[in-house]
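Asks: One structure follows; several queries about it will come next.
The values are calculated or read from the model by the stated rules, or taken from the named source; none is laboratory data. Keep in mind the model is a prediction, meaning the values are calculated, not measured. Cβ atoms come from the backbone with ideal geometry, glycine included; neighbour counts cover every protein chain shown. Only protein heavy atoms, including side chains, enter the accessible area calculation; ligands, DNA and RNA are left aside. Shrake-Rupley method; radii C 1.70, N 1.55, O 1.52, S 1.80 Å.
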Amino acid sequence: MDPAEALTLTSSAFSTNFLAGQSRVGIKIDGLGSVENGPSYTSSTTTWTIPAGTADGGRSYSASVEFDRMVDVQSPILGGVAFATYMTVTEFTIQVITPQAPSLTAQPASQTVVEGQGASFTAAASGNPTPTYRWQVSTDGGSTWTDLVEGSPYSNVTTGTLTITGATLSMSGNRYRCIATNSAGSIPSNAATLTVNAAPAKPWAVTATGSFQSGGKAGLLWFNSTTGETAIWLMNGLTSTAAASYAPGADWSVAGTGDFDGDGKTDLLWRNSATGGAVVWFMNGTSIAGSKWIYDSGTTWVPYKLADFNGDGKTDILWHNNVTGDYAFWLMNGSGELLGASGFAVASGWEIAQVADF
C-alpha cells in the first residue's frame, strides 16, 4: 500500500469463515493498533479501511481480524452469564511501499529494414509499483501520437517490446514510442524511427519449364532481367543436378520452348528484338547440340505460340504480325526447315488466347 493513500481490505482477501451472530471488532495492526471498528455484519462481505498517512513507507505490518461472540456459560455459581470472547480469525501481512514514478532504463532504437521484413522496438522502465507499457505511433513526425492496437502488423503493444511483422513502404518514417505508467505517474520514451527500404529487384526468374534431359524429368529455364542471361537447371525432384547459363547478346531472348527435332528433349527458340531474327537451339541437356536460323525478315512477325500442329511429334510455330494482326502457321520438319505455311486474318478485336489439343 501507499502510505499516502487509504487502503481498503475486503473479507475475501482473508478467506475467513464467518459465523452467524458474530460482531466485527476490527482489524488489529501491529504498530498501528485498532484501525476501524465496525458494526455487526450479516453477510460474508465486509471492508475495513486503513486511513491515509497511518502507515510508514518501507515497513511491513502484521495484522489480524478479530471478532467477538457472545458465549452463554452455564454455571451453578455464576448462573447463566454471557461473556464476550475475542477470536482471531485470520492473520496477514501488509507491505507498505513508497511509490516511485517510472524511470526509463532502456530506450528504443531506430530501425531500418527492407519491405516485407519484421522490426522490433524495446523499452524498459523501473518504478514502484512496476510500470505498465503502451506503445504509440506518430505518422506526422511526432506532432501527434496514437495508441497502437494489437493486430497485424503490430503485436505486443502493451509489453516492453513492440513487434512489427511485414513492414511496408507506407510505414517508412513512422515514429514509435513507449509510455511507461504506474500510480505515481507516466513517462514517454524517446521516439524511434522506422525506415523501410524497397526490396531489391530479383533479376533471376523462372520463365519456362521443360524436359531438357533424357528420362522426362522437368528442368527450369531462368532469365536474368539485369544481365540478359538465360540459364537451364536440370532437376531431379527438388535438386538441381546440372546447370548452365547462356548470354548470346543484349538483344536476344528466348521466345519459346519446344521439342523441334522430336528427340524428347526441350529446345529453345531465340529471337532478336532489334532485327527480328529467330534461331532454334537444339538442346541435349545443358549442351547446344546444334542450331538453325529460321527467320530473318524484320521485326513485323513475332513467334506467338509453339505447338505440334500436325501431330508429327515435332514443335511448329504460330506467328503473329504485330502490324496487321494476321497469323501464320509454320510446320517444321525437325531440323529447322519449313514443311509448309498457312496464313489467316482475324476480325478486329479478336486474338488467339491459347493453343491445345482439344
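Asks: Just for segment 292-341: of the residues that are of a type in the set (Val, Ile, Thr) and under 16 Å from VAL254 (Cβ atoms), which one is most open to solvent (accessible area, probe 1.4 Å)?
Replies: Filtering first and then ranking leaves VAL302.
Asks: Out of segment 273-286, which residues are over 48 Å from the mean Cα position of the chain (by Cα) and over 18 Å from PHE260 (Cα atoms)?
Replies: Once the filter is applied, which keeps residues that are over 48 Å from the mean Cα position of the chain (by Cα) and over 18 Å from PHE260 (Cα atoms), segment 273-286 yields only THR275.
Asks: It is to be established whether one or more residues within segment 118-129 are open to solvent by less than 50 Å² (accessible area, probe 1.4 Å), of a type in the set (A, V, I, L, M), assigned to a loop (DSSP other than H, G, I, E, B) and closer than 17 Å to VAL196 by Cβ.
Replies: No, segment 118-129 contains no residue that is open to solvent by less than 50 Å² (accessible area, probe 1.4 Å), of a type in the set (A, V, I, L, M), assigned to a loop (DSSP other than H, G, I, E, B) and closer than 17 Å to VAL196 by Cβ.
Asks: On the basis of being over 19 Å from ALA109 (Cα atoms) and either of a type outside the set (Ser, Thr, Tyr) or within 17 Å of the chain's Cα centre (by Cα) (or both), does ALA201 make the cut?
Replies: Yes: the conditions hold for ALA201.
Asks: Checking the conditions here, which among ASN284, ASN236 is out of contact with any strand residue (DSSP E or B) (no Cβ under 8 Å at 6 or more places or on another chain), open to solvent by 30 Å² or more (accessible area, probe 1.4 Å) and at pLDDT below 90?
Replies: ASN236
Asks: Taking the stated definitions as given, is VAL196 open to solvent by 60 Å² or more (accessible area, probe 1.4 Å), in a strand (DSSP E or B) and not basic (Lys, Arg)?
Replies: no
Asks: Kindly list, by first and then second residue, each pair from a residue in segment 330-345 that is over 15 Å from LEU306 (Cβ atoms) and in contact (Cβ under 8 Å) with a residue 60 or more places away in the chain to a residue that is open to solvent by less than 70 Å² (accessible area, probe 1.4 Å) and not hydroxyl-bearing (Ser, Thr, Tyr), limited to pairs with Cβ atoms under 7 Å and residues at least 6 apart or on different chains.
Replies: Pairs found: SER335/ASP261; SER335/LYS292.
Asks: For segment 183-218, name all the residues that are among the hydroxyl-bearing types (Ser, Thr, Tyr), closer than 30 Å to ALA242 by Cβ and out of contact with any strand residue (DSSP E or B) (no Cβ under 8 Å at 6 or more places or on another chain).
Replies: Hit for segment 183-218 is SER214, nothing else.
Asks: Condition (residue is surrounded by 17 or more Cβ atoms within 10 Å (Cβ to Cβ), in contact with a helix residue (DSSP H, G or I) (Cβ under 8 Å, 6 or more places away or on another chain) and either of a type in the set (Lys, Arg) or within 30 Å of THR165 (Cβ to Cβ) (or both)) applied to segment 265-275: is it met by at least one residue?
Replies: No: segment 265-275 contains no residue that is surrounded by 17 or more Cβ atoms within 10 Å (Cβ to Cβ), in contact with a helix residue (DSSP H, G or I) (Cβ under 8 Å, 6 or more places away or on another chain) and either of a type in the set (Lys, Arg) or within 30 Å of THR165 (Cβ to Cβ) (or both).
Asks: Something else now. Is it fair to say ALA167 is open to solvent by less than 50 Å² (accessible area, probe 1.4 Å) and assigned to a strand (DSSP E or B)?
Replies: No.
Asks: Still on this structure: Can you tell which of VAL137, VAL157, VAL149 is assigned to a loop (DSSP other than H, G, I, E, B) and in contact with a strand residue (DSSP E or B) (Cβ under 7 Å, 6 or more places away or on another chain)?
Replies: Testing whether each residue is assigned to a loop (DSSP other than H, G, I, E, B) and in contact with a strand residue (DSSP E or B) (Cβ under 7 Å, 6 or more places away or on another chain) leaves just VAL157.
Asks: Pick from ALA289, ALA243: which is in a strand (DSSP E or B), more than 44 Å from the chain's Cα centre (by Cα) and surrounded by fewer than 18 Cβ atoms within 10 Å (Cβ to Cβ)?
Replies: ALA289
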